[in-house]
Structures are given as structure tokens and as C-alpha cells.
Amino acid sequence: CNELSQKIPNLRSLHLARNLGPGPARNEATKIANGEYIWFLDDDDQIQADQLNQIFLTIQSKPDIITHSLNSVHSSKQNLIANIVNFHEKQEVFNCILKRSLILENNILFGDHLHEDIAFLIKALTYAKIVVNVPENIIFKNNTKDAITDKMSIRRIDGYIKSYEDIINNIAIA
């Protein structure tokens, strides 16, 4: 990260004192970011560089959220939310590019458990006024056989429960 951030002027590298997990680390990164949009990526996310022009063109219209690489096109924001909650759609944050101001102004935070993406996305979509979908596959996930989310476990089930509790406790934001 440090080498890349020295070569690329608008790339910042963040080092935390201890491993907090992806959710809290993303919250810290959001605070120090200075771009208009944030795209949360993990080390196993592979960007299809030939499709990035679609993202660039879509950003020109200034949406609150750009979705991409989804299973299907959704007729409305509410339809997308319902499909995420009901496991009919991808639940990972890397499938969205979000306006940083949307996150900060509405205090949308990631939880500190597995599957923290679910509640974060539901809250962000709830607050978003303009959501635009790019139908192309921009990202591919390169899950390894040792990935935490590759096998069902008590920790994963607990993460799902915590995410859905977070959604239920914050449903009044709609």
C-alpha cells in the first residue's frame, strides 16, 4: 500500500494500530478520504479495467450510489433493498460506489461483525435519492478456499443476525 500511495497521488494508505476487521477499518478510511465517491474494495476483488469507463460516465450524472455487477436489474430502489434483505441479490459493498457525503451526512457506519455490508447497504440505499445501475460486471470476487465467508460457521450466522438486528433497529430511517 505504501509503495502504491507514493506512486499514485490520490491514493491514501491507512495503517491502524491493530486489526479492527473490515467494518471499523472502512469507517476510519471514510473519515480520512477526500474524494467525492468511495468504492470499498478488498484484496480479493478484481476490477475489470475495460469496464471502468462505464463507471466514469455514470459518475458524471452525480448519483448518490452507483450499483454494478449485480445479479439482475432492479425496477426500483425499494426492489433492490428487498432483494438484498431476502438474499436474492449480492450483499457485498464492493458492488456499490457511494457518495462520501451520503455516508458522512447520514452517519452510516459499518458494524464490527461479519456481513456488516448488509446493514450498511440497506441504510445507504434508504438515504440515497438517486441510485444508478451499471449493468456490466465491473468486479469479480476471487474467493479463496480459506476465505471466512466460504463456509458456514457460528461466527457467520452471528454476523447475519447482527446485521438484520441493525436493519430492524434502524428501520425508522426510511
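The values are calculated or read from the model by the stated rules, or taken from the named source; none is laboratory data. Computed from a prediction, not measured in an experiment: that's the story for all the values here. Glycine gets a Cβ as well: all are built from the backbone with ideal geometry, and neighbour counts include every protein chain shown. Heavy atoms of the whole protein, side chains included, go into the accessibility calculation; ligands, DNA and RNA do not. Shrake-Rupley method; radii C 1.70, N 1.55, O 1.52, S 1.80 Å.
Couple of notes before you dig in:
- The listed residue being more than 14 Å from the chain's Cα centre (by Cα), open to solvent by less than 40 Å² (accessible area, probe 1.4 Å) and touching a residue at least 60 places away in the same chain (Cβ under 8 Å), out of 113, 68: 113
- When residue 36 is tested against (1) out of contact with any helix residue (DSSP H, G or I) (no Cβ under 8 Å at 6 or more places or on another chain); (2) charged (D, E, K, R); (3) in contact (Cβ under 8 Å) with a residue 60 or more places away in the chain, exactly one condition is not met: (1).
- Check on residue 141, without any contact (Cβ under 8 Å) to a residue 40 or more places away in the chain, open to solvent by 50 Å² or more (accessible area, probe 1.4 Å) and either of a type in the set (A, V, I, L, M, F, W, C) or under 29 Å from residue 33 (Cα atoms) (or both): no
- Some residue of region 55-62 being among the β-branched types (Val, Ile, Thr), outside any helix (DSSP H, G or I) and surrounded by fewer than 17 Cβ atoms within 10 Å (Cβ to Cβ): no
- Identity of the residue in region 85-95, open to solvent by less than 50 Å² (accessible area, probe 1.4 Å) and touching a residue at least 40 places away in the same chain (Cβ under 8 Å), that ends up farthest from the chain's Cα centre (by Cα): 85
- Qualifying residue in region 152-159 (condition: at pLDDT 95 or above, of a type in the set (A, V, I, L, M) and either under 18 Å from residue 41 (Cα atoms) or assigned to a loop (DSSP other than H, G, I, E, B) (or both)): no
- Region 29-42, residues that are under 14 Å from the mean Cα position of the chain (by Cα) and either open to solvent by 40 Å² or more (accessible area, probe 1.4 Å) or not polar (S, T, N, Q) (or both): 29, 37, 38, 39, 40, 41, 42
- Of the residues making up region 1-24, those that are more than 14 Å from residue 114 (Cβ to Cβ) and small (Gly, Ala, Ser) are 5, 13, 17.
- Among the residues of region 64-112, those identified as within 26 Å of residue 53 (Cα to Cα), of a type in the set (Val, Ile, Thr) and not in a helix (DSSP H, G or I) are 65, 66, 67, 73, 97.
- Here region 1-28 is the region considered, the condition is being part of a helix (DSSP H, G or I) and open to solvent by 60 Å² or more (accessible area, probe 1.4 Å), and the residue that is modelled with the highest pLDDT is 28.
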